[in-house]
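One structure is given below, encoded as structure tokens.
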Amino acid sequence: MRIDVLTLFPEMFQSPLSCSILKRAQDSGLVEITLTNIRDFAANNYRKVDDKPYGGGPGMVMMPGPFFDCFEHVQKLSPQKGRVILLTPQGQKFDQAKAVELSAENRLILIAGRYEGFDERIRIGLGAEQISIGDYVMNGGELAAMVIVDAVARLLPGVLGDEDSAKNDSFGESAGGGLEYPQYTRPEVFRGMKVPDILLSGDHGKIAEWRHQQALERTQKWRPDLLTEDNKPK
Ligand SMILES: C[S@@+](CC[C@H](N)C(=O)[O-])C[C@H]1O[C@@H](n2cnc3c(N)ncnc32)[C@H](O)[C@@H]1O
């Protein structure tokens, strides 16, 4: 998959993209991430990409000119058209189902805003899908873009060592869209808390049954909003 990000702060992506799973995924060619600075397309010597809002009011608004020049440049970087996503708190809320949907694309173009947001003609002209990562307002779309890159990349075949990892995660297939079962590792006893005997029994059938039940119970307790007819505890 190819992911292009349009941003005013490409340097914000350096650290998350240069370690662990995302680094390995790029090194092995499973995902290619290209950052393009919208400011490089400013038409003036001051590299100005924002201006005061018409009608008055606080803050600055991202201008359409440099943005569209940047966007048209990025589109031509690859023959694949790509699925274009505008990051905005006014968009549809991002979740695991959306991550799965996006992971099937061959190219994503993510657009991160700054300041008071985009001139409305950017939204109208792009006609793009709008995604929010939650009902709160951040200073910019860079972290939102990173959230999407991270959640989508781990679903691409070959990115996680074990293909079943993502399926077993919370919201995944095995959890029926609910929460994952509790996990334990060594030591067997830690500060008086013991690993459940069933996990030490070696009986894989019983372990699977116990995990399934535990997952249902914690979904009911902590996230009853995720319960469906399929993942309700019996
Ligand atoms: C300060 S925000 C602008 C918010 C805008 N004035 C509004 O109320 O809708 C600047 C940029 O951060 C990004 N952003 C902020 N919160 C976000 C969220 N919850 N999800 C996705 N992007 C967000 C968007 O790209 C936005 O253009």
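Side notes on the structure shown:
- Pair list, Cβ < 7 Å and 6+ apart or interchain, from region 179-199 residues that are more than 18 Å from Ala215 (Cα to Cα) and outside the structural domain of His212 (by TED's automatic domain parsing) to residues that are among the charged types (D, E, K, R) and assigned to a loop (DSSP other than H, G, I, E, B): none
- Looking only at region 62-85, residues that are within 18 Å of Glu142 (Cβ to Cβ) and out of contact with any strand residue (DSSP E or B) (no Cβ under 6 Å at 6 or more places or on another chain) come to 3 in all.
- The residue list Leu86, Leu77, Leu102 contains one member that is assigned by TED's automatic domain parsing to the domain that holds Phe9, within 16 Å of the ligand (Cβ to nearest atom) and closer than 20 Å to Ile38 by Cα, which is Leu86.
- Being of a type in the set (S, T, N, Q) and more than 9 Å from the ligand (Cβ to nearest atom) is a property that holds for Ser170.
- Residue list for region 195-205, filter: more than 19 Å from Arg218 (Cα to Cα) and within 35 Å of the chain's Cα centre (by Cα): His204, Gly205
- Test: residue in region 7-17 that is surrounded by 13 or more Cβ atoms within 10 Å (Cβ to Cβ), more than 15 Å from Gly113 (Cα to Cα) and in the same structural domain as Ile131 (by TED's automatic domain parsing): yes
- Total residues in region 50-86 satisfying the condition of being touching a helix residue (DSSP H, G or I) at 6+ places or on another chain (Cβ under 8 Å), in contact (Cβ under 8 Å) with a residue 60 or more places away in the chain and either assigned to a strand (DSSP E or B) or among the acidic types (Asp, Glu) (or both): the figure is 2.
- Test: residue in region 122-135 that is farther than 30 Å from Lys232 by Cβ and part of a loop (DSSP other than H, G, I, E, B): yes
- Condition broken by Gln213, with the remaining ones in (1) surrounded by 12 or more Cβ atoms within 10 Å (Cβ to Cβ); (2) within 27 Å of the chain's Cα centre (by Cα) satisfied: (2)
The values are calculated or read from the model by the stated rules, or taken from the named source; none is laboratory data. What you see is a predicted model; the values in this text were computed from it and never measured. So basically every Cβ, Gly included, is an ideal-geometry build from the backbone, and we count neighbours across all protein chains shown.
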